[in-house]
Amino acid sequence: MGSSSGGKKKYVNYRNRQRAQMSFFIVVIFFAIFGLIVFAEIFLIDERGRGAGVLVRHGSLVYHSRQQEINEYEESLQNDDYISIRLGSDLGSLDNSIGALLLGRNQAPIPVGVDDAEIQSSKDILENNHSFYPTHLSPSKGSWQIVNGTRYKFFVFSAFYDRRKLQRSIRIIAATKTRGPDKVSCKFWYKSADDNPANFTSKWVPAKIRVIRENWNLKYSACFVMCPLAHNQTAPNFVSVVVRKNSMPTNLLEVTDNYNETKTVKKFAVCVKPLHFSYNRALQILEFIELNRIMGVEHFTFYNHTIGPQVNCLLKDYIEQGLVTMLPWQLDMISQKEIRTEGLFAALNDCLYRSMYRYSHVSLIDLDEYIVPRHNDTLPQLIDFLNRRMNTRTTGSYSFQNAFFYLQWGDDDSVYNSNDPIATNLVILKKTRRRSKLHPHKQRSKYICRPELVVEAGNHFVWEFLPGHGTLNVPPDAAILHHYRVCEFGGNDCIKTPSTVDTTAFRYRDRLVGRVSVSWEKNKNKCELDDPPLPPSRVFSKIMKILKSSEER
């Protein structure tokens, strides 16, 4: 009996020891897994941050859903123009009423890089670095330059001193890898009192790369290279982007600061994406410039990827008048395969920051688009009209709904009553039939913005404002976007959609024909311009329509 009792006790003790060992083993495994997680968070965060949009500051993690928002947006893209856009719930619903504001709250934290205390305390960052100013390079305010030593293509175009409520920084317009870009640094160059390059001093700061949202998930994207400034640090005169602190610079950008420019109330400008495919439509460029001038625009910025001789000649005349800025745009990336449409988002944001403080309002539109007021004569008058009728204190941009004027629709009857080759070939006078249904805001819409309130510009809407500002959806009875193009999906099916005749643009007819005619005659011989053809007679046009319809049947 005693031996049986002793055996049970030994068995119980044995089971207890096994349980204790098992518990200890589980605790060890738990802490091992926890340790691996901590190790990954601390040592692998940089790589994950580049790939998944994670920011690190003082060892803490800030996650954001930028990539999810981008993916939802870009799923809707079918070609160069957008068909539909699905946005995250954070953006809220769109209200088309005249008093509705769509507040553009930040969808992603702004990368702030290294804060003031870290910059001031780091000898590596703020020490005077007596490396020599790169006298072999000419400083540029706008041209694509390479960053040497990177694994992937990396180019920089322009640099701006951004002194706004965000952390003070030098903001560089660039293009590089969309995901996992190379780490780079900014080397600031400060002029000496005697303006002798041999005496220029330099400072080095680590950079943060912020990819611009619209990129179609292609390998390369337009981006901002952010170079933070300490609280008491002055803005440099020039900046180079380098891979390592002591790298020999292969680029040199002059830092643009327009803050002290003479500020003029209601001074409007236009930004246009890069001109490409050897663009040479002389009459279209004249119509675009002169109609916008009639509507109150004072300056135009173009980017020359490839343009034809006639357009190049005409734009030179406007450049000499101070009405046009044209910048070179030779970006060594394959359009639509490596980067979206000649890197147009780099151009749009370059123009945004280039216009900041120089112009009160900037519209980002294409050459076949016009923001046309329904009741006002000019765009400044339109903005005043909107400001008087609603609270626009927080408005950073004004969005206008898109209306297609398909070129396949027949010409307006007035074309056949004129013998003026200029008047009969201006698109806003020829094409007066438009699609009845307008696109909602953010789908093919365009906008006028106040550049000092915008952080990141998009093609159809502003992606990010300064905190507390947003978009005003302008109702169609105040103004719409006239968009003159062929059917967006190819073929001619678009002309079967319900349509209406809209002759709003006729109020500009006489002034527009006069201005374009003067410019045409002025440059006709110098630019080797041929007179545009007169339209066929009304009878001939009707015969051609009958023949075409019979062929289709």
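The values are calculated or read from the model by the stated rules, or taken from the named source; none is laboratory data. From a predicted model like this one, the values you see are computed outputs, not experimental measurements. Every residue, glycine among them, receives a Cβ derived from its backbone with ideal geometry; neighbour counts consider all protein chains shown. Heavy atoms of the whole protein, side chains included, go into the accessibility calculation; ligands, DNA and RNA do not. Shrake-Rupley method; radii C 1.70, N 1.55, O 1.52, S 1.80 Å.
Examine the stretch 291-303 for a residue that is in contact (Cβ under 8 Å) with a residue 24 or more places away in the chain, of a type in the set (Ser, Thr, Tyr) and open to solvent by less than 20 Å² (accessible area, probe 1.4 Å), and state whether such a residue exists. Checked against the condition, which is being in contact (Cβ under 8 Å) with a residue 24 or more places away in the chain, of a type in the set (Ser, Thr, Tyr) and open to solvent by less than 20 Å² (accessible area, probe 1.4 Å), the stretch 291-303 yields at least one hit.
Restricting the search to the stretch 448-506, which residues are in a helix (DSSP H, G or I) and open to solvent by 10 Å² or more (accessible area, probe 1.4 Å)? Spell out how you get there, then give the answer.
Of all residues in the stretch 448-506, those in a helix (DSSP H, G or I) come to 451-453, 493-496, 504-506.
Within the stretch 448-506, Glu452, Leu453, Asp493, Cys494, Ile495, Lys496, Thr504, Phe506 qualify.
Mind listing whichever residues of the stretch 205-232 are polar (S, T, N, Q) and at pLDDT below 95?
Taking the stretch 205-232 first, the residues polar (S, T, N, Q) are 215, 217, 221, 232.
Of everything in the stretch 205-232, those that are polar (S, T, N, Q) and at pLDDT below 95 turn out to be Asn215, Asn217, Asn232.
Cβ-Cβ distance below 8 Å, separation of 6 or more or different chains: which pairs start in the stretch 216-230 with a residue that is under 12 Å from Asp162 (Cα atoms) and end on one that is open to solvent by 10 Å² or more (accessible area, probe 1.4 Å) and among the polar types (S, T, N, Q)? Pairs that qualify, where the first residue is under 12 Å from Asp162 (Cα atoms) and the partner is open to solvent by 10 Å² or more (accessible area, probe 1.4 Å) and among the polar types (S, T, N, Q), are Pro228/Gln167; Leu229/Gln167. So how many residues does the stretch 187-207 have that are surrounded by 19 or more Cβ atoms within 10 Å (Cβ to Cβ) and closer than 19 Å to Thr135 by Cβ? Of the residues in that region, 7 qualify. Of the residues that make up the stretch 423-438, is at least one part of a loop (DSSP other than H, G, I, E, B), open to solvent by 20 Å² or more (accessible area, probe 1.4 Å) and in contact with a helix residue (DSSP H, G or I) (Cβ under 8 Å, 6 or more places away or on another chain)? So far as the stretch 423-438 goes, no, none of its residues is part of a loop (DSSP other than H, G, I, E, B), open to solvent by 20 Å² or more (accessible area, probe 1.4 Å) and in contact with a helix residue (DSSP H, G or I) (Cβ under 8 Å, 6 or more places away or on another chain).
Count, please, the residues in the stretch 247-270 that happen to be within 21 Å of Ser192 (Cβ to Cβ) and either open to solvent by 40 Å² or more (accessible area, probe 1.4 Å) or in a strand (DSSP E or B) (or both). Talk me through it step by step, then tell me what you get.
Let us first name the residues in the stretch 247-270 that are within 21 Å of Ser192 (Cβ to Cβ), namely 248-249, 252-257.
Going one step further and asking which of them are either open to solvent by 40 Å² or more (accessible area, probe 1.4 Å) or in a strand (DSSP E or B) (or both), we end up with 248, 253-257.
The total comes to 6.
Looking across Asn215, Asn232, one residue alone is part of a loop (DSSP other than H, G, I, E, B) and open to solvent by less than 40 Å² (accessible area, probe 1.4 Å). It is Asn215. The single condition among (1) surrounded by 16 or more Cβ atoms within 10 Å (Cβ to Cβ); (2) within 27 Å of Ser517 (Cβ to Cβ); (3) of a type in the set (S, T, N, Q) that Gln443 does not meet is (2). Can you name every residue in the stretch 313-344 that is free of Cβ contacts under 8 Å to residues at least 40 places away in the same chain, more than 23 Å from the chain's Cα centre (by Cα) and surrounded by fewer than 19 Cβ atoms within 10 Å (Cβ to Cβ)? Those that are free of Cβ contacts under 8 Å to residues at least 40 places away in the same chain, more than 23 Å from the chain's Cα centre (by Cα) and surrounded by fewer than 19 Cβ atoms within 10 Å (Cβ to Cβ): Lys316, Ile319, Glu320, Gln321, Gly322. In this structure, does Val516 turn out to be closer than 28 Å to Phe404 by Cβ and open to solvent by 40 Å² or more (accessible area, probe 1.4 Å)? No; evaluated as a whole, the condition is false for this residue.
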